[in-house]
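The values are calculated or read from the model by the stated rules, or taken from the named source; none is laboratory data. Treat the numbers as computed from the prediction; the structure is a model and nothing was measured. Using ideal geometry, Cβ is built from the backbone for each residue, glycine included, and neighbour counts are taken over all protein chains shown.
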Amino acid sequence: MISPISFGNAKTSIFYINDYHGKTLNMERTMSASDTFDAQNKNKRDTDVLKLSSGDIMIGEDVAINRAAVMFQNFIGIKASAAGNHEHDIQGWIGEVLPYIKFNMLSNNVKVNPRNPWSKILKSSVVEEINGNKYGIIGSTPVDLFTRTKLGTLQKDITVDDAYETVNDIQYEINKLQKQGVNKIILLSHLGNTFEKIIATQTSGLDVILGGHSHNLIKSVKEGENLLYGKDGNPVIITQAGKDGKHFGVLNLEFDDNGVIKKVQNNIGNTKDFHRNMAVEYIFNKLFKNNKVYGQIASAAPEPKDLLITPNPHGYFIADCMRKDLDCDIALIQSANIRGYFEKGDVDDRTLYDILPFKNELYKMNYSEKDIVDAIRFSCENSFNSDSHKPGMFYASGLKYTVSNSGNLLSMSFVDKNGTETPIDINNPRQDKFYTTAINDYCAQGNDKLTMLNKPQQIIAKTGIDSAVCVANVIQKSKTPVHIVDDGRITIK
């Protein structure tokens, strides 16, 4: 068990972030939290200070959002970041984002074609020396990268090692750092908490895993949960600070002369407790240029506790806007595509893309009743029975359904534009009954193992717009402010 140690050993304080998913408003708040952290450590000359990121600070294909994510990390002084799956979303715009990166982007388990700009950016590890103390920092990309990104040049230019190979990659990098005289080693992991626990116990020489990808909010330090022991018998601390920039972490450590942790304290902070940094807000507003206001929200239901497996009026409203704007029978939006919620007040561009950052193009599809039932059944079964709740359930417009709390689809009905409800036989869904369906290209291409939706022959139209545009169009045409309420279209029991 870790216990306090005597004066003279290395003291370290790490400000850490993960999985902000392009949430620029919370980036502004985190800037204020970072300033507070700096002020608290300003006169602590016996403490080594590091700021590190475990990836997915970027998201989607919007250049302004990804530039903001990079600038934010530059502003707060991030020294190194893991390359998460959403850092790989920028493939189409990579040349417009990479020049802004002033920190080390790390991934030791990918191989990149030399012609791809990533090959000149990604490193396996770096060494940071502070007050004469050397810290080895390694980064890892999720082994399920290609199931978490859209089809594109990424799959042609990058390969990712599997789980077994990734453990060996990390141990190889640890050994390499130790040969350089580094005995304090940190892994910036975007591998998920389950895999991070395996890494902690199956490697030797690792001290800290700053985690990501699975969106766990890990508070304090508990032996057997996030205090584990490596193959060398030494302690390994695992942290993770949730998702969407709602939290950040401060990890305080003390190492002995051999680089073994003897004292630890893990603190989680709430970004909502900090004001938006005015200087960063000004810069971001300039970056986003025309921040148009489309309308107002009069009232809105509270944010759901878990966006991936909870009925969500905000998701219903977005689906309703997709259905109405594109004139479809049904609209489907995966809960994982929604990264925020509406609040009373103005709805502008920054609000919309804070909630809907991906900018995935919407398709109009001609899906059969069976296609739709199979997709919703699959998403519920997998989301409710996964530790990470991925891929996330579908929110719908034009459908009502009931699911058990173990993820079993119990009933479903179609609701037409006049409000008439028609039951669907979920045990024998029709293959000859079709609905025009609004859905984004990520799902329509069968990502997240939604192969039943990958029906290119059933594409009616590629609209050239994303779901945020549909919301903007509907709100702009509304004669009165919008009320977002729970109408009970999804029931969990």
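Number of residues in region 400-434 that are buried (at least 19 other Cβ atoms within 10 Å of the Cβ) and not hydrophobic (A, V, I, L, M, F, W, C) equals 2.
Among residues that are within 24 Å of the chain's Cα centre (by Cα), modelled with pLDDT of 95 or more and either surrounded by fewer than 18 Cβ atoms within 10 Å (Cβ to Cβ) or under 30 Å from residue 12 (Cα atoms) (or both), residue 268 is included. Beta carbons closer than 9 Å, at least 6 apart along the sequence or on distinct chains, pair a first residue in region 124-140 that is at positive phi with a second that is charged (D, E, K, R) for 131/45; 131/46; 131/48.
A single member of 259, 242, 233 is at positive phi and touching a His at 6+ places or on another chain (Cβ under 9 Å), and it is 242. So, in region 66-93, how many residues would count as being touching a Ser or Thr at 6+ places or on another chain (Cβ under 9 Å), farther than 23 Å from residue 13 by Cα and surrounded by fewer than 18 Cβ atoms within 10 Å (Cβ to Cβ)? Adding up the residues that qualify gives 1. The single condition from (1) over 18 Å from residue 106 (Cβ atoms); (2) out of contact with any helix residue (DSSP H, G or I) (no Cβ under 7 Å at 6 or more places or on another chain); (3) at pLDDT 95 or above that residue 151 fails is (3). The number of residues in region 292-308 being closer than 17 Å to residue 23 by Cα and either in contact with a Phe, Trp or Tyr (Cβ under 6 Å, 6 or more places away or on another chain) or not assigned by TED's automatic domain parsing to the domain that holds residue 476 (or both) comes to 1.
For region 293-302, residues that are part of a loop (DSSP other than H, G, I, E, B) and exposed (fewer than 14 other Cβ atoms within 10 Å of the Cβ) total 1. On the given criteria, is residue 97 at pLDDT 95 or above and either β-branched (Val, Ile, Thr) or over 26 Å from residue 238 (Cα atoms) (or both)? Considered against the rule, which asks whether it is at pLDDT 95 or above and either β-branched (Val, Ile, Thr) or over 26 Å from residue 238 (Cα atoms) (or both), residue 97 comes out as no. A residue that is under 24 Å from the mean Cα position of the chain (by Cα), at pLDDT below 95 and of a type in the set (Ser, Thr, Tyr) occurs somewhere in region 303-326. Taking each residue of region 90-103 that is within 16 Å of residue 55 (Cβ to Cβ) and polar (S, T, N, Q) and looking for partners that are modelled with pLDDT under 80 and crowded, with 16+ Cβ neighbours inside 10 Å with beta-carbon atoms closer than 7 Å, six or more apart or interchain, yields 91/154.
Of the residues making up region 72-83, those that are within 17 Å of the chain's Cα centre (by Cα) and part of a helix (DSSP H, G or I) are 72, 73.
Looking across region 19-39, just one residue is assigned to a helix (DSSP H, G or I) and aromatic (Phe, Trp, Tyr), and that is 37. In the condition set (1) free of Cβ contacts under 8 Å to residues at least 24 places away in the same chain; (2) of a type in the set (Ser, Thr, Tyr); (3) surrounded by fewer than 19 Cβ atoms within 10 Å (Cβ to Cβ), residue 351 is compliant with all but (3).
Within region 98-123, being surrounded by 14 or more Cβ atoms within 10 Å (Cβ to Cβ) and either of a type in the set (Val, Ile, Thr) or part of a helix (DSSP H, G or I) (or both) holds for 98, 100, 101, 110, 112, 117, 118, 119, 121. The set of residues from region 369-397 being over 24 Å from residue 192 (Cα atoms) and surrounded by fewer than 19 Cβ atoms within 10 Å (Cβ to Cβ) comprises just one member, 370. Among the residues of region 40-71, just one is part of a loop (DSSP other than H, G, I, E, B), out of contact with any His (no Cβ under 7 Å at 6 or more places or on another chain) and modelled with pLDDT of 95 or more, namely 57.
Counting the residues of region 332-361 that are among the aliphatic types (A, V, I, L, M) and touching a Cys at 6+ places or on another chain (Cβ under 8 Å) gives 1. Checking each residue in region 323-345 for being surrounded by fewer than 23 Cβ atoms within 10 Å (Cβ to Cβ) and hydroxyl-bearing (Ser, Thr, Tyr) picks out only 341. Screening the candidates 94, 59, 130 for the property of being over 22 Å from residue 244 (Cα atoms) and touching a Pro at 6+ places or on another chain (Cβ under 6 Å) yields one hit, 94.
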